[in-house]
Amino acid sequence: MPWLAALLSRKSARLVAVALANGLARIISAVTTTGAAFRTQVLKRA
């Protein structure tokens with residue numbers, strides 16, 4: 001994941017880990033509250 005390597009070159013590993021965890025938590029929360037399936041096409045474009 002080139003975007004992750006680029007982010008790690010600019011920010012501390014601890015900050016990047018917290019940011020990734022926050023993003024995953026938001027996705028999980030949205031999927032569980034709405035019952036909708038996760039859209040994998042969004043990840044393929046990134």
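The C-beta contact set for segment 27-38 (first residue in a helix (DSSP H, G or I), second residue loosely packed, with under 10 Cβ neighbours inside 10 Å and among the aromatic types (F, W, Y), distance under 9 angstrom, 6+ apart or interchain) is empty. Among the residues making up segment 28-46, a single one is among the small types (G, A, S) and modelled with pLDDT under 75: A46.
Checking each residue in segment 1-23 for being assigned to a helix (DSSP H, G or I), at pLDDT below 90 and among the aliphatic types (A, V, I, L, M) picks out only L4.
The values are calculated or read from the model by the stated rules, or taken from the named source; none is laboratory data. Since this is a predicted model, take the numbers as computed values, not measurements. Positions of Cβ are backbone-derived with ideal geometry, glycine not excepted, and every protein chain shown enters the neighbour counts.
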